[in-house]
Amino acid sequence: MRKIVFAFLPLLLLGGCQKEESREVKQYTIEQFMDNQDVAGSGFSHDESRVLLTNNKTGIYNAYELSLDGKEPKALTNSTKNSVFAVSYFPNDNRFLYSSDEGGNELNHLYLQDTTGKATDLTAGKAKTQFYGWAHDKKSFFFIWNKRDARFFDLYEMDATSLKPKLIFQNDGGYSVGSVSNDKKYISLSKEINTNDSELFLYELATKKMTKISENLAAYQPTDFSVDSQKMYYLTDDAAEFKRLMSYDIATGKREKVAEEKWDIMYAYHSDKGRYRVIGINDDARTVVKVFDMQEGGKEVDFPKFEDGNVNSVTISDSEQKVAISVGSSTSNDNLYVYDFKSKELKKLTDVMSKAIEPADLVQAEVVRFKSFDGTEIPAILYRPHQASAGQKVPALVKVHGGPGGQARTGYSDNTQFLVNHGYAVLDVNNRGSSGYGKTFYKMDDKNHGEKDLQDCIEGKNYLASLDWVDKEKIGIMGGSYGGFMVMAALTSKPKEFKVGVNYFGVVNWLRTLKSIPPWWESFKAALYQEMGDPNTADSLRLRRISPLFNANNIEIPLIVLQGSQDPRVLQVESDEMVAAAKKKGVPVEYVLFPDEGHGFVKKENQIKASKEVLAFLDKYLSQKKME
């Protein structure tokens, strides 16, 4: 629910926006934009001569390996139906693990592919699994699996030779597993209280002793253990507005602050032998990564600097000599680099952007802020078309992220750049309740979803209308998942505010959605009910009131709905019924259904079709261009 994607952008002042001379640009097809590649690295081979990565260059995600000598990536899998996501090489040979589901149903299995290309499903059955890392001795790996009970994820260990799974923690309490200590004596566990607060525990496997680490009502997130297994590390905003890194001494029970920033520390981990500590900071919609050398007293490493770039991931090799770095920006998908700590050599391994598109024709995002109806300052990400000016005003879209509790970041989006290239301004709003701006801001939408957070989006429309290069009569709203709900909430509760709505698989009936969430969300369900409301109680009255389906008679403006048939989170029936209700009202409505997609579209051919349909819809109903 609260997964976040991170990226970079410079901060601008309240309501500000970079002054730019308008100019005409070449307009590109969505096929040209989609010729870009999405690349994600997954770690080094045992001899550290190659990196394992995931790439969608063929139109669907597959596993590849890339030699550090700069040779072309070698395809390791050739799936044409289901996406394959590379997980990890084996520590001592060239076998590797990958994850894949069926058609977006989110029932990911863990597969082993040997050196002959033969793949074996290690977690067969109608269940979901997730890799949890290699044991420190490299003889086994850990993973979580809900095979025993679809509601809960148990922790397993699998021997790298026998490939026999062993249950090491039966999760009857609905915990989330954190990490396993190097000596295999302890695991860290957390448990959601609500979407803001959680509890943290240390569990001793041999004695089954459970020690509560959290002290007060706050957010707690386990990270890892020290190399000697004497300390457990975790993040918390206890007695603070933002999350900081803490340690817990297992022998003495002493808690100690390790690192604190002016923003949330999003993640922290230590390299295999403990020499380096890596922390990632959510710095106003961009990610700042810091690396510290613990052998040098925790001195910050002089890490490579990337002009206008954002370091989205850092993976240190087991030898602690090399590091794979993923770097992107608002005008570029992530590229993969490798850096040698000793020689200081930095090498770029990938070039992911389409050669057909001139980089100067892309638009750099800008972080802006505006005041909402009650004076609350709302952060947002603004994309201004190059062709926009006071003399050539452009239509615009308020974009709403998923969640509840997600965050609009400044990373690259083919779809956003495509729309901006075709003359549509986009304002990606971080309404109240978004992550990254402190726990007070994060809690501000609790049990007022579709109301005050929607008003923030309307104020975002008013901010756009105040810009002299935006056509204030042509502003629409778009969003996916929870953002799709916000689109439909706007169309049904504030029907005169926007000119069109673009809904990607949005919730329209909270009573049904909250009762039909996937079983593997059981540990999170109580927390979700605490934030959204429990459909089995008196909360159902409010949930019905804010559900767009029951207010469909209010729709007045054109609407397009896009949905995946395999979506386990927002069921197809949600979109089916909303489209039927809109058609009954007599408003223009278009429906794009993908039978082989789930919650979000991962196949390029489907992404292309979705983007084409949305642009054609906007051209017809928002900008009202003359159609040939």
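By accessible area of protein heavy atoms, probe 1.4 Å, what ranking do T223, T410, T440 get, highest first? All intermediate terms of the calculation are to be shown ahead of the outcome.
Working: T223 25, T410 0, T440 85 Å².
So, going from the largest accessible area down, we get T440, T223, T410.
Could you state the accessible area per residue of the chain in Å², with a 1.4 Å probe and every protein chain left in place? Don't jump to the answer; show the numbers that get you there.
Values: 25680 Å² over 628 residues.
That works out to 41 Å² for each residue.
Here the simple spin-label model places points 7 Å from the Cα toward Cβ, and for W521 and D93 these points are separated by 4.1 nm. Summarising the label geometry, the points placed 7 Å from Cα in the beta-carbon direction at D149 and F373 lie 4.3 nm from one another.
To the nearest 20 debye, what is the magnitude of the charge dipole of the chain about its Cα centre, counting +1 on the Cβ of each Lys and Arg and -1 on the Cβ of each Asp and Glu? Don't jump to the answer; show the numbers that get you there.
Details: 81 positive and 87 negative charges, 194 e Å.
Its charge dipole is roughly 940 debye.
The alpha carbon centroids of region 429-450 and region 296-359 are separated by 32 Å.
Using R0 = 35 Å, the C-beta based FRET efficiency linking Q364 and E31 works out to 0.90.
Between H46 and A119, what FRET efficiency comes out of the Förster formula 1/(1 + (r/R0)^6) with R0 = 22 Å and r the beta carbon distance, rounded to 0.05?
Working: r = 20 Å, r/R0 = 0.89.
Efficiency at R0 = 22 Å is approximately 0.65.
Taking a straight Cα-Cα cut-off under 18 Å and skipping sequence neighbours fewer than 8 places away in the same chain, the aspartates and glutamates within cross-link reach of K185 are D137, D154, E157, D159, E204, D224, D228, D249, D272. Once the C-beta distance of N194 and R23 is scaled by a Förster radius of 41 Å, the resulting FRET efficiency is 0.25 to the nearest 0.05. Full extension of the segment from S565 to E296, taken as 0.36 nm per residue of separation minus the current Cα-Cα distance, would add 91.5 nm.
Run the dipole for region 245-321 about the Cα centre, Lys and Arg Cβ at +1, Asp and Glu Cβ at -1, nothing else charged, and hand back the magnitude in debye, nearest 20. The partial results should precede the final answer.
Details: 11 positive and 16 negative charges, 57 e Å.
Magnitude of the dipole: close to 280 debye.
Mean residue ellipticity, 222 nm, helices only, the chain: the sum of -39500 (n - 2.57) across DSSP H runs of n ≥ 4, divided by residue count and rounded to 500, is -4500 deg cm²/dmol. Taken along the Cα-to-beta-carbon direction at a fixed 7 Å, the label points for A206 and K612 span 6.4 nm.
If you take percent of Cα pairs over 41 Å apart from the coordinates, which of (1) 30; (2) 24; (3) 34 do you get? So the calculated entry is the one marked (2).
Student exercise: in region 70-128, how many lysine pairs 8 or more apart or on different chains have Cα atoms under 26 Å apart? Provide the component values of the computation, followed by the final result.
Details: K71/K118; K74/K118; K81/K118; K81/K126; K81/K128; K118/K126; K118/K128.
Within region 70-128, the lysine pair count is 7.
Solvent-accessible surface of protein heavy atoms, probed at 1.4 angstrom with all chains present, puts T29, T252, T77 in the order T252, T29, T77, largest first. When the accessible area of region 283-371 is split by element with a 1.4 Å probe, what percent falls to carbon and sulfur? Of all accessible area on region 283-371, carbon and sulfur atoms account for 44 percent. Note on K447: lysines with a C-alpha under 26 Å away, same-chain residues under 8 apart excluded, are K3, K191, K243, K371, K399, K439, K461, K494, K496, K515, K525. Of the whole protein surface, S226 contributes about 20 Å² of accessible area at a 1.4 Å probe radius.
Each residue was assigned an accessible area with a 1.4 Å probe, and for E473 the value is about 110 Å². With contacts taken as Cα pairs under 8 Å at a separation of at least 6 residues, the chain carries a relative contact order of 13 percent. The fraction of accessible area contributed by carbon and sulfur in region 23-156 is 47 percent, rounded to a whole number (1.4 Å probe; ligands and nucleic acids excluded).
Could you check how much of the accessible area of region 447-544 is carbon and sulfur, as a whole percent, using a 1.4 Å probe?
Numbers: 1560 of 3210 Å².
Accessible surface attributable to carbon and sulfur in region 447-544 totals 49 percent.
Compute the separation of the alpha-carbon centres of region 557-628 and region 78-107 and state it in Å as a whole number. A separation of 30 Å, based on Cα centres.
Charges only on Cβ, +1 for Lys and Arg, -1 for Asp and Glu: so what's the dipole of region 170-239 about the Cα centre, in debye to the nearest 20? Before the final figure, lay out each step's value.
Details: 7 positive and 11 negative charges, 68 e Å.
Using Cβ point charges on Lys, Arg, Asp and Glu, region 170-239 gives about 320 debye.
Within straight-line reach of K299, meaning a Cα separation under 17 Å, sit the following lysines at least 8 residues removed in sequence or on another chain: K257, K273, K290, K342, K344. Estimated at the nearest 10 Å², the accessible area of L349 is 30 Å² with a 1.4 Å probe.
The values are calculated or read from the model by the stated rules, or taken from the named source; none is laboratory data. Remember, it's a predicted structure, so these values are computed and weren't measured experimentally. Neighbour counts run over all protein chains shown; Cβ positions are idealised from the backbone, glycine included. SASA here: full protein model, heavy atoms, side chains in, ligands and nucleic acids out. Shrake-Rupley method; radii C 1.70, N 1.55, O 1.52, S 1.80 Å.
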